[in-house]
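**Student:** One structure is given below, represented as structure tokens, and several questions about it will come after.
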Amino acid sequence: MKTQPYKIAMLGTGLIGTFYTMALHRQRKPDRVQLVYSRSGERAKTFANTWGIPKTATDLKTAVSDPNIDVVLIALPNHLHLEAVKLAAAAGKHILCTKPLGRNAEEAFEMLEIVEKAGVFGGYLEDLVYTPKTLKSLESVRNGALGDITWTRSREAHPGPHSDWFWNKELSGGGAIVDIGCHCIEIGRSYIGKDVLPVEVMCWADTLVKPIDAEDNAIGMIKYVTGAISQFEVSWSFRGGMDLRDEVAGTEGSLRVDHFLRTGFEMFTSVGEKDYVAEKAESDTGWLFPVGDEVNSLGYDHMFEDMFDSISQGRAPIESFYDGYVVNEIIDACYRSARSRQWEPVKLKVWRGESGETKKIAPKSYDENYYLIKTEKLNDKRSKLILKDKKTGEIVQREV
Ligand SMILES: NC(=O)c1ccc[n+]([C@@H]2O[C@H](COP(=O)([O-])OP(=O)(O)OC[C@H]3O[C@@H](n4cnc5c(N)ncnc54)[C@H](O)[C@@H]3O)[C@@H](O)[C@H]2O)c1
């Protein structure tokens, strides 16, 4: 089995193609982009010169079939993911695809079937599950530090995307939900447990500000089979930069993570420094919120490490095409709910998580006769226990 270095064909030279190449080519890493595809030969050459990439292509099929290439990395607009997956799988290449996997679940499921039938690797590039803060938080959650997870909240809000195609529903598949809700949904799912079945969804979506057909603001709740709720909030009209934060609550603890804007790094400049501050920053003077090592903070380093290690070891990555498909099914349910104003079921064609009776979040036992509702230390220094009788249901308090 080939281990490393892997030779990558980068499809796309926009914002994410740039972030991915930055992550791959820095810190003396071995896996490198050996070919870049763009519709424009001139843009491909400029990108290749900037990043020291030896080859360029302006034809998608030629790019993915290049015999020197092991891995095809799809960093193209959403409407081109399926076509690129088809071509790359037919050429027998391993595939890494950016989020969202499909414009809808039907496309995502087709992509999942294509990679699995072709026997090639299908990695879903959900970077925000791989940020150093998220990885550490997930480890704590898995070690039981928060007990049973009851609720998650993930928020991504910014002033809107940076290219025309995002704003065109046909090309993108929708608005803020499909574009950035996909991150929030997978973050929540990761905390609750990816083997826990998402059951149903309630979602509000509206076009409040922008002159577009798709939603520019939305809030959704995903109910999991354990009873846990995963909440997301997304906006394409939020002013002041990119607001990325997550909260998790469990029966034994809670945590809160700020990834952008409020990271503890604040700077004031009256003159600016005529340079890039951070993704979606709205100004370069006044109070600024830079991000120390943006590529690492957004998860790209750890994401690629997992992807290439997984290919080498013949294992599934943390984020696979199957995960991308589940996210797309949840998004489809969100759109149905926003239209119907009702809870809508998540209609998974294939479920690969826990089957049978799943453990619900259970009340905590105090002793054989009582459940523990609450302990409290009062301002007059007394301590109380609030208990519920398991047989009669009576609620009592005791001073201890
Ligand atoms: N954090 C993330 O994971 C993240 C962030 C941003 C974007 N994305 C995803 O990456 C993909 C690309 O987004 P982006 O922000 O780089 O967009 P972008 O507009 O900055 O870049 C898109 C690239 O595709 C090219 N392109 C556009 N239309 C094309 C066509 N019809 N045929 C061939 N090439 C075409 C553009 O020239 C450009 O090189 C999208 O799927 C988006 O959702 C992911």
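The values are calculated or read from the model by the stated rules, or taken from the named source; none is laboratory data. Keep in mind that what you see is a predicted model, and the values were worked out from it rather than measured. Don't worry about glycine lacking a Cβ; one is built from the backbone with ideal geometry, like all the others, and counts go over all protein chains shown.
**Student:** Can you name the residue in the range 359-388 that is in contact with a strand residue (DSSP E or B) (Cβ under 6 Å, 6 or more places away or on another chain) and among the charged types (D, E, K, R) and is also farthest from I192 (Cα to Cα) among such residues?
**Tutor:** Checking each candidate, the answer is R382.
**Student:** Looking at R43 and the list (1) assigned to a helix (DSSP H, G or I); (2) away from the ligand (no atom under 14 Å from the Cβ); (3) not polar (S, T, N, Q), which single condition is not satisfied?
**Tutor:** Result: R43 passes all but (2).
**Student:** Now for a different question. Of everything in the range 242-271, what is of a type in the set (G, A, S) and at pLDDT below 95? Give them in sequence order. First the steps, then the outcome.
**Tutor:** Let us first name the residues in the range 242-271 that are of a type in the set (G, A, S), namely 249-250, 253-254, 264, 270.
Selection gives G264 alone.
**Student:** Okay, next question. Could you grab me the full set of residues in the range 316-348 that are within 25 Å of G17 (Cα to Cα) and not aromatic (F, W, Y)? Step through it out loud before you land on a result.
**Tutor:** The initial filter retains those residues of the range 316-348 that are within 25 Å of G17 (Cα to Cα), namely 316-328, 331.
Of everything in the range 316-348, those that are within 25 Å of G17 (Cα to Cα) and not aromatic (F, W, Y) turn out to be A316, P317, I318, E319, S320, D323, G324, V326, V327, N328, I331.
**Student:** Using beta carbons and a limit of 9 Å, which pairs, at least six apart or on different chains, have the first residue in the range 147-165 and without any contact (Cβ under 8 Å) to a residue 12 or more places away in the chain and the second one within 14 Å of the ligand (Cβ to nearest atom)?
**Tutor:** Close Cβ pairs satisfying both conditions: D164/L171.
**Student:** Evaluate the following for T21: is it within 14 Å of the ligand (Cβ to nearest atom) and closer than 25 Å to S310 by Cα? Talk me through it step by step, then tell me what you get.
**Tutor:** Numbers: within 14 Å of the ligand (Cβ to nearest atom): yes; closer than 25 Å to S310 by Cα: yes.
Answer is yes for this residue.
**Student:** May I ask you to say which residue of T375, T392 is within 25 Å of T226 (Cβ to Cβ) and not assigned by TED's automatic domain parsing to the domain that holds A23?
**Tutor:** Numbers: T392 fails: within 25 Å of T226 (Cβ to Cβ).
The conditions single out T375.
**Student:** Within the range 126-138, can one find any residue that is within 14 Å of the ligand (Cβ to nearest atom) and part of a strand (DSSP E or B)?
**Tutor:** The answer is no, given that none of the residues of the range 126-138 is within 14 Å of the ligand (Cβ to nearest atom) and part of a strand (DSSP E or B).
**Student:** Is there a residue being touching a Leu at 6+ places or on another chain (Cβ under 6 Å) and over 30 Å from E215 (Cα atoms) anywhere in the range 306-316? First the steps, then the outcome.
**Tutor:** Narrowing the range 306-316 to residues touching a Leu at 6+ places or on another chain (Cβ under 6 Å): 307.
Those still in the list that are over 30 Å from E215 (Cα atoms) too: 307.
Yes, because at least one residue in the range 306-316 is touching a Leu at 6+ places or on another chain (Cβ under 6 Å) and over 30 Å from E215 (Cα atoms).
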